[in-house]
Ligand SMILES: Nc1nc2c(ncn2[C@@H]2O[C@H](COP(=O)(O)OP(=O)(O)OP(=O)(O)O)[C@@H](O)[C@H]2O)c(=O)[nH]1
Ligand SMILES: [Mg+2]
């Protein structure tokens with residue numbers, strides 16, 4: 001089947017959205033993929049999925065994003081989706097200190113279930129609620145540095161830094177991937193070694209599709 | 001006692017009036033309406049509806065007095081009528097009769113009140129966080145801290161105290177919300193108890209316990225059933241690496257109340273309460289079958305989208321449900337359950353669990369169910 005123009009891309013990156021319930025993961029996703037924000041959004045049950053194709057470092061990248069339910073008990077189903085993800089957006093709510101305190105538990109989840117070289121970005125969401133802020137930017141920044149994560153603050157409501165956060169993590173993934181394929185002497189942007197289905201050269205005929213490896 | 005309770009809040013502003021459908025959901029322009037009332041109901045249909053209600057009233061008797069007798073004598077008549085849909089005005093009452101929740105209520109006077117007023121729950125904040133994210137487009141639940149949200153909070157909090165092992169889990173709010181549109185808080189609470197504890201059918205609590213064991217089992221069973229029933233589609237799913245946890249978890253966790261058209265969800269609930277969880281499998285299979293020829297052509301992403309957004313004609317209860325009824329699943333479900341249990345030998349763990357749980361609930365129940 002011939003691929004339609006809007007489906008052409010150089011790379012396919014799988015990214016997961018994680019973090020406590022209610023921090024705004026689903027709204028960050030809808031802001032990024034559809035430019036929508038919903039004050040009346042439903043809590044996520046299980047996992048949701050959306051994609052967007054965009055330009056990253058001059059390449060066409062398709063971001064395939066899995067949004068997970070934040071409540072702890074749901075990890076029984078959601079953690080399967082970490083596998084094969086190249087990036088993780090770990091979200092907390094700047095107005096709720098507990099959601100920031102739980103970041104370390106989420107990191108542990110990733111360590112237990114995700115690939116070890118996964119790129120992680122810490123996101124403090126809901127910066128529009130200035131009068132309710134309870135987690136200082138510096139604290140989160142310091143924590144991120146200590147843990148080796150990139151860090152950004154966003155507002156899904158006001159569409160502040162949402163685009164930038166996704167751009168940043170996708171660019172970071174791209175840099176790691178392209179370095180890898182250089183060092184392994186592969187011609188052009190093909191898949192990385194050992195049958196990881198995650199990165200896809202768009203020009204190939206039987207492009208291997210999604211990279212969701214959960215079974 | 002400075003505990004934060006939702007009752008301490010002033011109700012928020014009443015949301016601006018918006019056009020509502022027959023069930024009280026805000027009408028959305030582009031999507032399907034919840035009541036499926038695209039077509040005007042004709043005079044003939046009204047008459048038919050009236051005749052149905054009269055039949056049903058006869059079946060119930062005064063205050064439900066004839067019901068048990070009727071169900072014993074003519075279970076197949078009851079089953080047939082329920083499959084055609086319970087009249088909306090009698091739904092709340094019938095649901096309580098067929099689920100066994102009314103008996104629980106009568107056996108345990110005062111228990112609900114005690115749970116709501118005197119007990120505190122570790123899940124209170126979790127519940128509050130989700131209240132405004134449960135049926136946000138329904139007029140009853142839209143007003144912040146309004147009567148709908150308060151009732152929802154009370155029922156969920158009461159349950160989380162009643163069964164601390166389950167507590168509160170995202171998704172339970174949709175069950176409680178659906179019930180509250182048809183009955184009082186206390187009735188809804190006991191219906192929740194009847195379902196999760198298995199008053200009539202298999203207990204549902206495993207959908208919400210740590211590890212979500214029953215979700216995992218149901219997904220395993222559904223995956224296998226779908227592959228056996230629709231082998232070509234199953235093959236396509238394998239190729240595209242699609243598995244049911246990507247689209248069907250919420251079917252089981254909320255019994256289709258999370259994102260399906262409301263009029264369809266109600267019809268499924270009618271049958272679900274009388275016949276049990278099998279109907280969820282049957283409806284799921286019927287959906288796949290109905291859309292089979294389209295689904296089989298779609299690549300991964302479009303496939304996921306299609307599995308989460310079935311077309312309107314597929315969700316017409318009068319087409320979908322007869323198709324679902326014609327699918328036989330009970331024998332295979334039982335076999336697959338045993339396969340699953342063999343795969344996961346965790347029986348020891350779960351019995352320990354149940355014992356602990358029993359103790360925590362016996363405090364509240366005056367007499368145990370038979
Ligand atoms: N003020 C403000 N509110 C937000 C923002 N992002 C999300 N919200 C609100 O926060 C609530 C939770 O947002 P969701 O996107 O549903 O949260 P989630 O992280 O997906 O939660 P789960 O699905 O339960 O894991 C909703 O009421 C949103 O409207 C934001 O940037 N600013
Ligand atoms: Mg969400």
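Since every read-out is calculated from the coordinates, none of them should be taken as a lab result. Values in this document were obtained by computation on a predicted structure and should not be read as measured data. Reconstructed Cβ throughout: ideal geometry from the backbone, glycine too, with neighbour counts over all protein chains shown.
Listed values, structure above:
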| item | result |
| --- | --- |
| Residue mean of other protein chain beta carbons inside 10 Å, A:43-53 | 6 |
| Protection proxy ranking, peptides A:10-17, A:90-97, average beta carbon neighbours within 10 Å, highest first | A:10-17, A:90-97 |
| Euclidean distance of C-alpha centroids, the stretch A:104-179 and the stretch B:177-253, integer Å | 33 Å |
| For B:164-173, mean number of other protein chain Cβ atoms within 10 Å | 3 |
| Test item: B:239-245 mean partner chain Cβ contacts at 10 Å | 4 |
| Pairwise centroid distance, computed over Cα atoms, of the stretch A:41-57 with the stretch B:64-104, Å | 43 Å |
| MRE, 222 nm, helices only [DSSP H, n ≥ 4, -39500 (n - 2.57), over chain B, to nearest 500] | -17500 deg cm²/dmol |
| Rh by Kirkwood over Cα pairs, then Stokes-Einstein D for the stretch A:4-206 at 1.002 mPa s and 20 °C, µm²/s | 124 µm²/s |
| Calculated over the stretch B:256-306: convex hull of Cα atoms, volume per residue (Å³) | 82 Å³ |
| Semi-axes of the equivalent ellipsoid for the stretch B:45-84, Cα gyration tensor, largest first, Å | 19, 13, 5 |
| Whole-angstrom gap from the stretch B:271-342 to the stretch B:140-170, using each part's C-alpha centre | 30 Å |
| Computed E for residue A:163/residue A:104 - FRET, C-beta separation, R0 30 angstrom, nearest 0.05 | 0.60 |
| Convex hull per residue volume in Å³, alpha carbons only, for chain B | 160 Å³ |
| Calculated diffusion of the stretch B:213-331, Stokes-Einstein form, Kirkwood radius summed over Cα pairs, 20 °C and 1.002 mPa s, µm²/s | 150 µm²/s |
| Mean Cβ neighbour count within 10 Å, used as a protection proxy, ranking A:100-112, B:207-219 highest first | B:207-219, A:100-112 |
| Reciprocal mean inverse distance between Cα atoms of the stretch B:101-201 - Kirkwood radius, Å | 13.4 Å |
| Peptide ranges B:95-108, B:162-175, A:22-35 listed from the most packed, as the mean C-beta count within 10 angstrom indicates | B:162-175, A:22-35, B:95-108 |
